[in-house]
């Protein structure tokens with residue numbers, strides 16, 4: 001339902017690297033995505049995969065893919081899993097000069113896991129139960145530089161920023177609180193709305209929704225709000 | 001909440017496996033100070049954790065020592081200067097190699113010596129005379145104790161504590177204890193005759209007994225504190241035990257899934273139930289009591305999921321105590337969810353926001369949708385159990401038809417007396 005609405009994908013397929021320490025899961029995602037894309041033109045193309053932090057950094061540096069599907073918990077590195085991969089690949093750019101983008105894929109809903117990868121620089125966070133079709137949409141979104149929020153992540157953001165308790169930023173630039181509009185968008189995403197539906201509900205364009213979500217992502221990455229830093233500190237991310 | 005497989009049975013199983021790993025001696029935490037121990041440097045805390053005794057006990061010991069020739073102050077400063085801050089994960093520090101340990105012990109002794117010499121030089125300058133004959137024996141005692149304690153390695157120490165000691169360990173302990181004893185004797189006699197010492201000891205003893213009587217109530221409280229800490233430790237063990245049981249339940253579910261692999265719906269349901277249980281355990285802990293509204297609505301969603309095998313994606317933010325209005329909301333939400341899984345299509349999503357301005361709950365499905373006015377009047381489902389119920393509790397409900405599905409919105413005002 002949402003794939004159809006997004007503008008026609010770029011003529012060149014999105015180059016994807018899959019990082020997960022479970023071979024069965026990698027095979028499964030590959031098969032599902034291939035099947036989901038079999039109807040139309042291939043949206044993405046798998047150029048590599050890796051089972052641990054060091055192999056992932058090597059593959060990403062070599063292939064410079066558009067999007068990396070990244071598991072949060074990975075062996076190797078300095079023990080921070082996905083966050084280590086993102087740090088290890090800092091500054092890597094694709095052939096056409098865009099930064100490599102990361103979409104975190106995890107079985108976990110634990111707040112500190114979410115915070116860990118998002119603050120390390122991931123552009124989105126989805127759980128592994130996501131349907132293949134939604135995953136394709138998410139990959140395309142991340143490749144375009146937008147952010148991808150699952151309902152659960154949106155709920156977590158509302159909680160962490162105190163927005164559910166009524167704390168609202170007076171200026172948009174404030175990093176530690178959400179603006180009223182951002183709060184509305186997050187609430188709708190938490191209710192299970194697709195970006196398109198959010199746009200319709202709020203009488204704004206999908207592009208504006210994407211802008212709001214990206215701005216929330218930025219706040220999530222840069223905010224020094226206590227709830228966020230506490231988790232980040234516990235994992236030595238800041 | 002019953003799950004398809006019999007977890008109840010595994011849970012009730014007597015804690016026979018509680019001492020399942022007697023071979024592993026409990027690891028003694030390393031002598032390091034926690035980074036955030038408050039405004040004190042955390043020396044007492046570190047020592048207490050290392051020795052596994054009450055922190056207050058250590059504090060008392062330091063204070064008592066401080067009055068006996070200032071040894072407590074010296075020891076405190078010494079430990080402050082010499083113990084590391086909790087920089088690395090505690091487990092890695094425990095596995096230091098022997099040579100490193102010995103080196104650190106040398107550094108420890110050297111540092112202690114410097115501190116003592118410094119104190120001896122410093123104190124007379126302040127007008128207080130502390131003779132070396134006081135400080136030195138105290139220092140010997142301390143060194144003896146440290147040697148006896150620290151040279152025993154983890155396993156030996158626990159073996160020694162449980163009775164059976166190796167020969168070498170005995171030698172070290174005897175050495176340390178002997179040193180300490182010599183120190184005490186030197187401290188007491190200090191060149192006086194034995195009978196004088198005897199009188200002094202008698203006097204000291206009577207003072208001690210008096211002090212004990214005075215301190216008894218306080219000691220009792222100390223003891224009860226200690227007991228409480230012990231109970232907490234037991235709880236932690238219990239928790240670890242249940243985690244082990246969880247592994248059993250996961251394996252059991254996997255076996256069930258393999259046996260029923262022909263029935264995709266059963267497999268989904270089993271997997272979902274197991275996933276949920278594990279998640280609750282991992283991220284919420286056992287404190288998920290029914291006393292909170294968030295826990296109640298979560299349970300409702302899980303129940304519906306179990307009944308129909310349709311996954312419900314629930315997101316809850318905020319929380320508040322569970323009272324009758326909340327109960328009404330969670331029951332109405334149950335009804336809405338049941339409608340969604342029965343008449344709608346997956347994915348069914350639910351979002352509950354509990355804030356100072358009240359509670360809002362949204363249940364959404366992707367079905368064909370239904371028209372409230374078209375529902376015959378004798379069908380009580382939506383009208384009574386959702387709309388009527390919330391209105392009776394001062395809230396409101398709305399059913400919205402969307403182009404791809406239905407969304408039920410439930411609202412409750414804040415609890416009376418709550419700041420808005």
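Every number in this text was worked out from the coordinates using simple rules, so none of it is lab data. Quick caveat: nothing in here was measured; it's all calculated off a predicted structure. Every residue, glycine among them, receives a Cβ derived from its backbone with ideal geometry; neighbour counts consider all protein chains shown.
Taking the inverse of the average 1/r across all pairs of different Cα atoms in region A:47-103, what Kirkwood radius in Å do you get? Please list the in-between numbers first.
Values: mean 1/r = 0.0906 Å⁻¹.
Kirkwood radius, region A:47-103: 11.0 Å.
Peptide A:145-157 shows a mean partner chain C-beta count of 2 within 10 Å per residue C-beta. Considering only DSSP beta bridges where both residues belong to region A:33-169, give the percentage that are antiparallel (nearest 5). Restricted to region A:33-169, the bridges split so that about 10 percent are antiparallel.
The mean sequence separation of alpha-carbon pairs under 8 Å and at least six residues apart, normalised by the residue count of region A:15-145, gives a relative contact order of 25 percent. Remark: mean inter-chain Cβ contacts per residue of A:67-75 equal 0, using a 10 Å Cβ-Cβ cutoff to other protein chain atoms. Among A:140-151, A:21-32, the peptide with the highest mean count of other Cβ atoms within 10 Å heads the list, and the full ranking is A:140-151, A:21-32. Taking 7 Å steps out from each Cα toward its Cβ at residue B:201 and residue B:303 produces label points 7.3 nm apart.
Kirkwood Rh and Cα-based Rg: tell me the resulting Rg over Rh for region B:302-344, rounded to two decimals.
Working: Rg = 11.5 Å, Rh = 11.4 Å.
Ratio of gyration radius to Kirkwood radius: 1.01.
Take each residue of peptide B:353-365, count the partner chain Cβ atoms within 10 Å of its Cβ, and average: the result is 3. Each distinct pair of alpha carbons in region A:15-145 adds a 1/r term; the inverse of their mean, the Kirkwood radius, is 14.4 Å.
Estimated from the Cβ-Cβ distance and a Förster radius of 45 angstrom, the FRET efficiency linking residue A:62 and residue A:167 is about 0.50.
Efficiency by 1/(1 + (r/R0)^6): what FRET value for residue A:73 and residue B:345, r their Cβ-Cβ distance, R0 = 35 Å, to the nearest 0.05? Present the calculation step by step, with values, prior to reporting the outcome.
On the way: r = 33 Å, r/R0 = 0.94.
Given R0 = 35 Å and the Cβ-Cβ separation, E is 0.60.
If neighbour count is taken as other Cβ atoms inside 10 Å, put A:202, B:202, B:387 in order from fewest to most. Please list the in-between numbers first.
Values: A:202 16, B:202 10, B:387 19.
With the fewest neighbours first, A:202, B:202, B:387 line up as B:202, A:202, B:387.
Region B:288-412: D in µm²/s via Stokes-Einstein (Kirkwood Rh, Cα pairs, 20 °C, 1.002 mPa s)? Calculated translational D: 150 µm²/s.
Order of A:183-191, B:340-348 by packing, highest average Cβ count within 10 Å first? List each step's numbers first, then the result.
Details: A:183-191: 25.1, B:340-348: 19.6.
For the peptides A:183-191, B:340-348, the packing ranking is A:183-191, B:340-348.
Ranked by the mean number of other Cβ atoms within 10 Å per residue, highest first, peptides B:355-366, A:91-102 order as B:355-366, A:91-102. For the pair residue B:262 and residue B:291, label points projected 7 Å from Cα toward Cβ lie 5.0 nm apart. Spin-label model, residue B:229/residue A:35: points 7 Å from Cα along the beta carbon direction are separated by 5.8 nm.
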